[in-house]
Structures are given as structure tokens and as C-alpha cells.
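One structure is given here, and the rest of the page talks about it.
The values are calculated or read from the model by the stated rules, or taken from the named source; none is laboratory data. Keep in mind that what you see is a predicted model, and the values were worked out from it rather than measured. Here the Cβ is made from the backbone with ideal geometry for all residues, glycine too, and neighbour counts use every protein chain on show.
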Amino acid sequence: MNIRMCIESNDNIFILVGVLVFLILLSSFASATTESIIYTYDNAGVLRTSVLGSGETVQYSYDNSGNRLSQTILFTDVSSQVSVTDGLIVYSRATGLYNAQITVTNISSNIPGKVEVALSNLPLGITLLNYVGTYNGAPYITASTNGLASGASITIAVQFKNPGNVKINFTPVIYEE
């Protein structure tokens, strides 16, 4: 009887250890962060771009046989590395346009690539006139072609056409190219 009790006791210890290991592994998986990825395909169903949750966009190219030749990182969202201040928007009677300035200050480590300022969520009918391109549906302006050092600031001018005279508001998103 004593021998059997000892064996059952050891079995219980093994079961307890197994349960503890399982719970530890389960908690490590549960604490892992998830990231959403948006995929874009062409009409033939071939993957063309993916936008990671970090804001990084990857573009893919293929040969005629459908083999992937390259993947190129296009833009990386660095909004969390900067502070953005937008100034007073002023109407010019002479031109009929609205003008403002946006200042981007790097509050983190150096940003080595081109710095682009995208103005997302512009109200319908308002046009950013001095944009150089669009990204994710938002017009953007190049703030710096030489990066932005830690602690440095750069100010850019923005100009809007607003025929409906609606309130101009937007969400600045800063990308490194």
C-alpha cells in the first residue's frame, strides 16, 4: 500500500508540473502581439503590396513566369517618432487659397530616409495644392530629402483650395521613404 501511494503521489507531481508548463506556454502565446496586414492583389490574383501594422508598405515584383523578383519597402510610418505642430490656417483674398505651416520635430532617433508628410482625413472638397504624390489615398508633401536628425525640426508650407469654405482639418501622418 505504501509503495502504491508513493507512485500515485509521483504521478500527481508529474501531472502538476505538466499543467504548470502548459500554463506558462499558453500565457506566452497569449501575450504575443498581433499585427494586422493589408494585402493588395492585381486582377490576376497576384500579390502586389502589403501594408504592415507598423505602417511599412512592401511592394512586390514578378517575372513573366510569376516568380517573385523583388520586394521593396516603400514607406514606413514614423509618426510615433515625431511631434507635429500645425499653425494657423490663413485665407488669402488675393489668391482665394488657404495657407498654413506644419512643423515636424524628431523626438526619437535619426530618420535617415526622405521624410514625407501625408494629410489624411481631409474633408471632401478640400484639395492640398502643393502635394507631390498620394499614399494610402492621402496627399503628401516631401518635408526633407535628407532625413531628419534626432531633435531637429523642419517646417513646410501647405496650400489648400477650399471652394466650399468648410472647416479645414486633417490628420498628419509622417512617413520615411
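Sort out which residues of region 80-118 are in a loop (DSSP other than H, G, I, E, B), of a type in the set (Val, Ile, Thr) and under 19 Å from the mean Cα position of the chain (by Cα), and write them in order of number.
Matches in region 80-118: Ile107 only.
Within region 103-116, identify whether any single residue is farther than 15 Å from Ile168 by Cβ, exposed (fewer than 13 other Cβ atoms within 10 Å of the Cβ) and basic (Lys, Arg), and answer yes or no.
no
Let me spell it out: the conditions are (1) small (Gly, Ala, Ser); (2) surrounded by 12 or more Cβ atoms within 10 Å (Cβ to Cβ); (3) not in a strand (DSSP E or B), and Gly151 meets all of them except one. Which number is the exception?
(2)
With the structure loaded, tell me whether Tyr131 is of a type in the set (Phe, Trp, Tyr), assigned by TED's automatic domain parsing to the domain that holds Ala94 and not in a strand (DSSP E or B) or whether it fails that test.
yes
Among what's in region 92-102 and is surrounded by 15 or more Cβ atoms within 10 Å (Cβ to Cβ) and of a type outside the set (Phe, Trp, Tyr), pick the residue that is nearest to Ala152 (Cα to Cα).
Ile102
Out of region 43-78, which residues are among the polar types (S, T, N, Q) and assigned to a loop (DSSP other than H, G, I, E, B)?
If the condition is that a residue be among the polar types (S, T, N, Q) and assigned to a loop (DSSP other than H, G, I, E, B), then Asn43, Ser54, Asn64, Ser65, Asn67 are the ones that fit.
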